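Computed from the coordinates by the stated procedures, all read-outs in this text should not be read as laboratory data. Quantities reported herein were computed from a predicted structural model and do not represent experimental measurements. FYI the Cβ positions are ideal-geometry reconstructions off the backbone, even for glycines, and counts take in every protein chain you see.
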Amino acid sequence: MPKKERQGVVISNKMDKTAVVKVASYAPHPKYKKIMESNKNYKVHDELNQCSEGDIVRIIESKPMSKGKNWTLESIVEKVK
């Protein structure tokens, strides 16, 4: 089974080797059919501490590294200026 991939924005990188990434998903409302946005935060393993707040990153599913950290930084799509 392939690993899940997500793309989101780094909202915090204050922890050592860990970043928090906000991922948005869009789905229509069941009754009114308006497209609704829902956000979820993921703790991501960042081995080199290379991402900063505001970067757009791609993350992949990995083995659990701690209680809440199950994702790994794959690449930085766009650096913040």
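Place the peptides 35-45, 11-21 in order of packing, highest mean first, counting for every residue the other Cβ atoms within 10 Å and averaging per peptide. Spell out each step's value before the answer.
Working: 35-45: 13.6, 11-21: 15.9.
Highest mean packing first, the order is 11-21, 35-45.
First check a/c for the chain, with a ≥ b ≥ c the square roots of the eigenvalues of its C-alpha gyration tensor; if it is under 1.5, answer rounded, and if not, answer prolate when a/b is larger than b/c or oblate otherwise.
Working: a/c = 2.20, a/b = 1.58, b/c = 1.39.
In terms of gyration-tensor shape, prolate.
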key: Set of lysines near Lys17 by C-alpha distance (under 16 Å), chain-local residues within fewer than 8 positions excluded   = Lys43, Lys63, Lys67, Lys69
key: Contact order relative to length of the stretch 5-78, as percent, for alpha carbon pairs under 8 angstrom and 6 or more apart   = 32 percent
task = Would you mind pulling out the separation of the Cα centroids of the stretch 18-58 and the stretch 64-80, in Å?
result = 11 Å
note = Quick calc: nm separation of the 7 Å Cα→Cβ label points for Ser25 and Glu37 -> 1.7 nm
request  = Within the set of other residues whose C-beta is less than 10 Å from the C-beta of Ser25, count the net charge using Lys and Arg as +1 and Asp and Glu as -1.
outcome  = +1
